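Structure record follows, encoded as structure tokens.
All of the numbers you see were taken from the coordinates with simple rules; none came from a lab. This structure is a prediction, so every number in the text was calculated from the model and none was measured. Virtual Cβ from ideal backbone geometry, glycine too; neighbours counted across all protein chains shown.
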Ligand SMILES: C[S@@+](CC[C@H](N)C(=O)[O-])C[C@H]1O[C@@H](n2cnc3c(N)ncnc32)[C@H](O)[C@@H]1O
């Protein structure tokens, strides 16, 4: 029996109740995005009637969705029947600089979302949950599905960890910076803007770099960036003094990660650096956010999240040595790696 005097956070079931609520709230937030309510709240407080009219919804039914999202702290009922986005809710706007909206949209869309329902079968079978859902490896799937590829790359571009990289490493003296698995170029573009004397190489799969032009031109770095299509399991371009792999190694199980690293080592000169940007698990103080991101790597790619010591062992297998780990924020780190 519950003691009526206990607050929700003292109850033993509170963590489980939070997880159950989060699962439900995820759909409420998705619905507000799909109905265009978040964009309508972008300019400031709006009346429920106006919101309902704008999204073609019934007022009471819209209120049923707004209320729990308000209780969760993403919108605020500033006056009876008037709603506005809270500072946390503003991250759901299309122009959010952290890119959380685009990540949210990708994670809640079609196969990206359904793959999670295959988690138990994935643990039993050893196949990735994404493969069990779609019959295909994620990157092959994206090559054939333009709509999902657009969602994926938009989420990657919007949340690219260029600020983490630039905060941890001074790249101003770098002559050539190569971004391996650099997607459509959000990270290399930010590096080149911060380092006007450097040139860049953007390396990724052919169908991915085919979409890089608009971003590189918009960021006005296209004339300083070579775009190279390839497969890092076959080899990577040589001649760079800094190699970057941002949120790439964490996608791959150990055997594949070592194969990629051996190819990077073969391209590195004695003075090149490899900067590995990504989420690192901490065995002593695991963060729920980082562990959840780690789990998404398992669902999408079959990789289990690693600590910096576990990365160190992979680097050593590939003839590389970890010289320093910069922990930046939210569990995202930059590992500075040299040839052993
Ligand atoms: C999780 S995304 C990270 C993208 C980008 N570095 C970022 O931080 O936003 C992984 C990237 O690895 C690329 N990739 C996957 N397999 C690859 C391969 N075999 N060769 C080269 N790039 C590959 C994907 O196309 C994708 O752009």
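Some observations on this one:
- Over the chain, the hull volume per residue, using the convex hull of the C-alpha atoms, is 170 Å³.
- A simple spin-label model places the labels of residue 12 and residue 78 4.5 nm from each other, with each point 7 Å out along Cα-to-Cβ.
- Region 137-247: relative contact order in percent, alpha carbon pairs under 8 Å with at least 6 residues between: 29 percent
- Principal-axis analysis of the Cα atoms of the chain puts helix 308-317 at an angle of about 30° to the longest axis.
- Exposure proxy for 225, 107: other Cβ atoms within 10 Å of each Cβ, ordered fewest to most, give 107, 225.
- In nm, spacing of pseudo-spin labels at residue 317 and residue 262 (7 Å Cα→C-beta vector): 1.0 nm
- Placing a label point 7 Å from the Cα of residue 39 along the Cα-to-Cβ direction, the residues of region 79-107 whose backbone N falls under 15 Å from that point are 92-96, 101-102, 105.
- DSSP bridge analysis restricted to the chain gives an antiparallel fraction near 55%, rounded to the nearest 5.
- Average Cα contact separation per residue, the chain, under 8 Å, 6 or more apart, as relative contact order %: 12 percent
- For residue 226 and residue 71, the difference between the fully extended length at 0.36 nm per residue and the C-alpha to C-alpha distance is 50.9 nm.
- Whole-angstrom gap from region 306-332 to region 202-239, using each part's C-alpha centre: 25 Å
- Global form of region 151-284, assessed from the alpha-carbon gyration tensor, a/c cut-off 1.5: rounded
- Value of Rg to Rh for region 211-340 (Rh from inverse mean 1/r over Cα pairs, i.e. Kirkwood): 0.98
- Here 245, 268, 106 are placed in order of increasing Cβ neighbour count within 10 Å, fewest first, which gives 106, 268, 245.
- Contact order relative to length of region 100-154, as percent, for alpha carbon pairs under 8 angstrom and 6 or more apart: 30 percent
- Degrees between helix 146-159 axis and first principal axis of the chain (Cα, 0 to 90, nearest 10): 80 degrees
- Centroid-to-centroid, using Cα positions, region 166-198 and region 49-89 are 41 Å apart.
- Cβ-Cβ FRET estimate between residue 197 and residue 147, R0 fixed at 22 Å, reported to 0.05: 0.05
- Separation of the residue 233 and residue 269 label points, Cα + 7 Å toward Cβ, nm: 3.1 nm
- C-alpha long axis of helix 288-301 to longest principal axis of the chain, angle in °: 70 degrees
- Residues 27, 279, sorted so that the one with the fewest Cβ neighbours within 10 Å comes first: 27, 279
- Global form of region 100-154, assessed from the alpha-carbon gyration tensor, a/c cut-off 1.5: oblate
- Springs join every pair of Cα atoms under 10 Å in this Gaussian network model of the chain, and among 223, 95, 241 the largest mean-square fluctuation is at 223.
- Between residue 21 and residue 327, the C-beta separation translates, for a Förster distance of 41 Å, into a calculated FRET efficiency of about 0.85.
- Linear extension gain, residue 50 paired with residue 285, 0.36 nm per residue minus alpha-carbon span: 80.0 nm
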